[in-house]
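Novice: Below you'll find the structure I mean.
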Amino acid sequence: TLVEAFILVGLVVFLFLGDWRSTLIPLIAVPVSLVGTFLFMQFFGITLNLITLFALVLAIGIVVDNAIVVIEAVHTKMETKHLKPMKATKEAMHEVSGAIVAITFVMAAVFIPVAFMSGPVGIFYRQFSITMATSIILSGIVALTLTPALCAMILKNNHGKHRKKTPVNKFLDGFRSEERRVG
């Protein structure tokens, strides 16, 4: 299930971002967050079981968000200001760092209180909440460190040239032209 979730995330990111370079960045950032989560699971004495594996599958979909925020911000800077990837990454990180921190804290705040529940239910979900919270926090750290470095190294500024449209944009353009023809 972890592999299937990882493949689905890669396909969805490719569909919406439209190039392999942009897709490669979350495909590197997500496993880094998950491997770090395994380290913290061992630190807290949490074992791999159905609950923690379920949390890890959910975490794949959640931790990719921070990387996508950074990539989209860098693409926007490259497109609007025609900057090189390094300069675009620096400018984008000045704008989205606060948002990344806020996303991370809000998402972690959803799961951390569950770790302090008492009784059988609290014991049951403690492993789930710690796994989710650590993966989300590590995702925020990766989005502030590794993802910008990968953006600066991997991305190319193709925005000055005629850029190939993503499959999603092609579909939407066809829908819009049909809408104009009918309307």
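The values are calculated or read from the model by the stated rules, or taken from the named source; none is laboratory data. Please read these numbers as outputs of a predicted model, since none were measured by experiment. Quick reminder, even Gly has a Cβ in these numbers, built from the backbone with ideal geometry, and neighbours come from all protein chains shown. Quick note on the areas: whole protein, heavy atoms, side chains included, nothing else; ligands and nucleic acids left out. Shrake-Rupley method; radii C 1.70, N 1.55, O 1.52, S 1.80 Å.
Novice: Provide, for the chain, the number of lysine pairs with alpha carbons under 21 Å apart, each pair being eight or more places apart or on different chains.
Specialist: Number of lysine pairs found: 21.
Novice: Which value at 222 nm does the chain reach when only helices count, each DSSP H run of 4 or more adding -39,500 (n - 2.57), with the total divided by all residues and rounded to the nearest 500 deg cm²/dmol?
Specialist: Helix contribution divided over all residues of the chain: -28500 deg cm²/dmol.
Novice: Moving on to the next point. Against the longest alpha carbon principal axis of the chain, how many degrees, from 0 to 90 and to the nearest 10, is the axis of helix 167-182 turned?
Specialist: Tilt relative to the chain: about 60 degrees.
Novice: Along the charge dipole of segment 1-112, which of PHE38, HIS82, GLY18 sits closest to the positive end, that is, farthest toward it, with unit charges on the beta carbon of Lys, Arg, Asp and Glu (+1, +1, -1, -1)?
Specialist: HIS82
Novice: Have a look at segment 61-105 and give its Rg and Dmax from the Cα atoms, expressed in angstrom.
Specialist: So, for segment 61-105, Rg and Dmax equal 10.7, 32 Å respectively.
Novice: Roughly speaking, what is the stretch gain from PHE105 to ILE123, that is 0.36 nm per residue apart minus the C-alpha to C-alpha distance, in nm to one decimal?
Specialist: Roughly 4.2 nm would be gained on extension.
Novice: A further question follows. List the residues whose amide H sits under 5 Å from the amide H of ASN157, counting only those 5 or more places along or on another chain, with H placed 1.01 Å from N in the peptide plane.
Specialist: Amide H neighbours of ASN157, under 5 Å, 5+ apart: none.
Novice: Can I ask one more? On a 1.4 Å probe surface of the protein chains, which of ILE60, ILE141 comes out largest in accessible area, and what is the full order?
Specialist: ILE141, ILE60
Novice: Pop out the Kirkwood hydrodynamic radius of segment 1-108 from its pairwise C-alpha distances, inverse of mean 1/r, in Å to one decimal.
Specialist: Mean inverse Cα-Cα distance, inverted, gives 15.1 Å.
Novice: Tally up the carbon and sulfur contribution to the accessible surface of the chain as a whole percent, 1.4 Å probe, everything protein left in place.
Specialist: Roughly 71 percent, rounded to a whole number.
Novice: Could you derive backbone 3J(HN,Hα) for segment 84-90 from the dihedral phi with the Karplus parameters 6.51, -1.76 and 1.60 (θ = phi - 60°), listing whole Hz in sequence and x where the residue is Gly or Pro?
Specialist: 6, x, 5, 5, 5, 5, 4
Novice: To the nearest 20 debye, what charge dipole does the chain have about its Cα centre, counting +1 at the Cβ of each Lys and Arg and -1 at the Cβ of each Asp and Glu?
Specialist: With only Lys, Arg, Asp and Glu charged at Cβ, the dipole is about 740 debye.
Novice: Okay, moving on. What percent do you get for the relative contact order of segment 1-156 when only Cα pairs under 8 Å and 6+ apart count?
Specialist: Worked out over segment 1-156, it gives 35 percent.
Novice: Still on this structure: Using just the C-alpha positions of segment 19-58 as equal point scatterers, what log10 of I(q)/I(0) does the Debye formula give at each q in 0.18, 0.19, 0.29 1/Å?
Specialist: Debye curve over Cα of segment 19-58, log10 I(q)/I(0) at q = 0.18, 0.19, 0.29 Å⁻¹: -0.57, -0.61, -0.97.
Novice: Dipole of segment 12-118, Cα-centred, from +1 at each Lys and Arg C-beta and -1 at each Asp and Glu C-beta, to the nearest 20 debye?
Specialist: 260 debye
Novice: In degrees between 0 and 90, to the nearest 10, how far off the longest principal axis of the chain does helix 119-144 point, with axes built from Cα atoms?
Specialist: 40 degrees
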